[in-house]
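Here the structure comes first, spelled out in structure tokens, and everything after it is commentary.
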Amino acid sequence: MVTGMEQNMEYRQQLIQEYKKAVLPLLKYLPWLEKHAGKAGSSIYDADGVSEHSISFPVYDSVLMSFVKEAAKSSLMEKNYSYIFTRKRIRNHADERRIIKAAQLQDWDVLRGILSKYVLGGQTKGLLWSEAASEGIFALVLDQMKMIIEFWDKPIDMNNLEGEQSAE
């Protein structure tokens, strides 16, 4: 006979494996995101005389764009991320950082919500991608997700992630 506790442990391990499968492809970007925290993730395209006759636009770092594209198609995206910001009263980057650093397994949806705000929100307001990279939000969320997985599973070998991005 299976006890309730055994069922809970099985369920938790199943959750952790699902979370791990979703996060692993994104972890190859973590070293780059950590290195580029505090730096702009984009620059304004302003070739000879372009700004005189047209609108200038941001040009994003290719690694940042690869991360955003991969994150957008992952199961980590939460379309109703604004609800999480309201529920947790997240108003600024300091609130985000505090909540990310304190997040545990039961707060996985909050981490997904913060990540989604920047990945999905950046599809209509592109500067959100650069903001999340330069403010270190992307790196903090991935690092906290990694720590939660490692706490409940086993350490992740960061040197063995497929297609690892160079830290330039």
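Here are the numbers for the structure shown:
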{"quantity": "Per-residue SASA entry for residue 140, accessible area with 1.4 Å probe, Å² rounded to 10", "calculated": "50"}
{"quantity": "Per-peptide average of other Cβ atoms within 10 Å, ordering 21-27, 63-69, 141-147 highest first", "calculated": "141-147, 63-69, 21-27"}
{"quantity": "Entries in 20/125; 35/88; 20/73 that, when Cα-Cα distance is taken, lie over 26 Å", "calculated": "20/125; 35/88"}
{"quantity": "Backbone HN-Hα couplings from phi across the range 76-81 [Karplus 6.51/-1.76/1.60, Hz, Gly and Pro as x]", "calculated": "7, 6, 10, 4, 9, 4"}
{"quantity": "Carbon and sulfur %, accessible surface of the range 66-154 computed with the full protein complex present, 1.4 Å", "calculated": "49"}
{"quantity": "Area of residue 131 that stays accessible when all protein chains are in place (1.4 Å probe, Å², to 10)", "calculated": "60"}
{"quantity": "Stretchable slack from residue 147 to residue 10, in nm (0.36 nm times residue separation minus alpha-carbon distance)", "calculated": "47.3 nm"}
{"quantity": "For the range 15-26, 3J(HN,Hα) per residue [Karplus equation, 6.51 cos²θ - 1.76 cosθ + 1.60, θ = phi - 60°, Hz, x = Gly/Pro]", "calculated": "4, 4, 5, 5, 4, 4, 4, 6, 7, 3, x, 8"}
{"quantity": "Under the Karplus curve 6.51 cos²θ - 1.76 cosθ + 1.60, θ = phi - 60°, whole-Hz ³J(HN,Hα) for the range 92-107, x wherever Gly or Pro sits", "calculated": "8, 5, 5, 4, 4, 4, 4, 5, 4, 5, 8, 5, 10, 3, 5, 9"}
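The values are calculated or read from the model by the stated rules, or taken from the named source; none is laboratory data. What you see is a predicted model, and the numbers here were worked out from it, not measured in a lab. Neighbour counts are summed over all protein chains in view; Cβ atoms, including those assigned to glycine, are modelled from backbone coordinates with ideal geometry. Ligands, DNA and RNA are stripped out before the accessible areas are found, and what is left, the full protein with its side chains, is counted by its heavy atoms. Shrake-Rupley method; radii C 1.70, N 1.55, O 1.52, S 1.80 Å.
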